[in-house]
Each structure stands twice: as structure tokens, then as C-alpha cells.
Amino acid sequence: MTQRSARSPAGDPADRRPAPHLAALLTDLDARYDLGTTLDVCVQLAAALPLLRDLPGQPALAVRRRAEHGETTVALAATDDDAPGSDLTAMTTRVDHDPGTGQWTLHGGKRWITNATTAEYALVLARHRPGTHFTDFSLVLLPLDTPGVRVEAETTDCFTAPAWARCASSPSA
């Protein structure tokens with residue numbers, strides 16, 4: 001009897017080491033761009049790469065390797081259109097699986113996604129069943145050119161000075 005490992009290729013302990021190209025990428029960003037751009041990339045890489053590392057399957061591994069080499073951008077889509085701020089338990093975005101066809105379908109919307117308008121992929125946080133336990137949520141690796149996906153820049157002046165001070169102090173912010 002042949003035993004099979006339940007580990008994905010991304011689950012290999014050797015794959016958990018920091019990418020050698022990541023230090024070079026961040027050094028290059030820091031030398032060529034402003035601090036805001038460098039921090040945007042750091043936040044995305046600090047969130048997206050570890051999450052991609054633990055997603056099973058060849059597509060996640062391939063996207064992670066491209067991101068480590070600076071060849072693609074992955075946005076993290078957690079804040080829900082219909083939920084207040086960071087209340088993930090109120091999230092309505094859901095993912096459904098049809099076992100008959102093998103198709104996965106995302107329903108809902110996200111907002112306030114750093115790099116959404118320039119990213120090639122998004123890691124989308126969605127419910128796969130009702131409930132508020134962390135096991136009721138899944139991450140879906142979504143190519144942003146998938147038919148039915150719409151990406152729009154947020155129309156706000158909250159991120160430009162001096163409007164930022166007004167938005168930060170407003171009761172709805």
C-alpha cells in the first residue's frame with residue numbers, strides 16, 4: 001500500500017524559508033520609491049505571502065513564487081461592502097461550491113483593498129458556511145481578470161491632506 005502525504009507542495013518545510021529574492025525586492029523598492037509605496041508592498045507581502053504559503057495547490061504556489069520575485073501583486077480583500085468596518089463576523093461575502101460541476105462561486109463585494117486597482121490577484125476572505133467561528137471562513141485566490149469581477153478605485157478624499165484629518169475625525173470614519 002502506498003502512502004500519500006496530505007501536504008501540498010507549499011506545505012514543504014523548505015518552502016517556509018524567506019525567499020532570497022524578497023530582501024532584494026524590498027531593498028530595490030526602498031531605494032527607488034517613497035516610503036508609502038514601500039510600506040504598501042511590505043504590508044501586502046507580509047499578509048499575502050504567508051497566506052499563500054498555506055493555501056493548497058499549484059496555483060497558490062505559482063502565484064506566491066511570482067509575488068516573491070516581484071512579478072505580480074496580490075491584494076488582500078477582507079473588508080466587506082456590507083459589514084461595518086473591520087467586523088468580520090458581520091461579513092456577507094460568501095463562497096459556494098457546486099460538487100457536481102466542481103465550480104466555486106463568490107458572491108458579494110469588498111472595499112478598501114490596498115493595491116486592488118493594480119493587483120493581478122486577490123486573496124478574498126469569504127464565508128463558506130453560516131456562523132461566526134473562524135472555521136466558517138475561507139480564503140479564495142481570485143485572478144482579478146475573472147469574468148464577473150469588477151475592480152473600481154474608491155472615490156474618497158480621505159487619503160489626501162488636509163482632507164485626511166477631517167475624515168479621521170468624522171463620526172463615520
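Just a few scattered comments:
- Selection count, segment 116-151, where residues are over 10 Å from Ala77 (Cβ atoms) and either in contact with a His (Cβ under 6 Å, 6 or more places away or on another chain) or in contact (Cβ under 8 Å) with a residue 60 or more places away in the chain (or both): 2
- If you go through segment 93-124 and keep only what is part of a loop (DSSP other than H, G, I, E, B), open to solvent by less than 70 Å² (accessible area, probe 1.4 Å) and among the β-branched types (Val, Ile, Thr), you end up with Thr93, Ile113, Thr114.
- Qualifying residue in segment 136-147 (condition: over 18 Å from the mean Cα position of the chain (by Cα) and at pLDDT 90 or above): yes
- Taking segment 136-153 as the range and being within 21 Å of Val41 (Cα to Cα), open to solvent by less than 80 Å² (accessible area, probe 1.4 Å) and not in a strand (DSSP E or B) as the test, the residues that pass are Leu144, Val151, Ala153.
- Of all residues in segment 48-66, exactly one satisfies the criterion of being under 22 Å from Val151 (Cα atoms), without any contact (Cβ under 8 Å) to a residue 40 or more places away in the chain and aliphatic (A, V, I, L, M), namely Leu49.
- Restricted to segment 1-91, the set of helices (runs of 4 or more DSSP H) holding at least 1 residues that are among the small types (Gly, Ala, Ser), open to solvent by 60 Å² or more (accessible area, probe 1.4 Å) and modelled with pLDDT of 80 or more comprises 20-32.
- Selection within segment 125-135 - part of a loop (DSSP other than H, G, I, E, B) and surrounded by 11 or more Cβ atoms within 10 Å (Cβ to Cβ): His128, Arg129, Gly131, Thr132
The values are calculated or read from the model by the stated rules, or taken from the named source; none is laboratory data. Computed from a predicted structure; not experimentally measured. With ideal geometry, Cβ positions are generated from the backbone for all residues, glycine too; neighbour counts draw on all protein chains shown. Please note that ligands, DNA and RNA were not included when accessible areas were found on the heavy atoms of the full protein model with its side chains. Shrake-Rupley method; radii C 1.70, N 1.55, O 1.52, S 1.80 Å.
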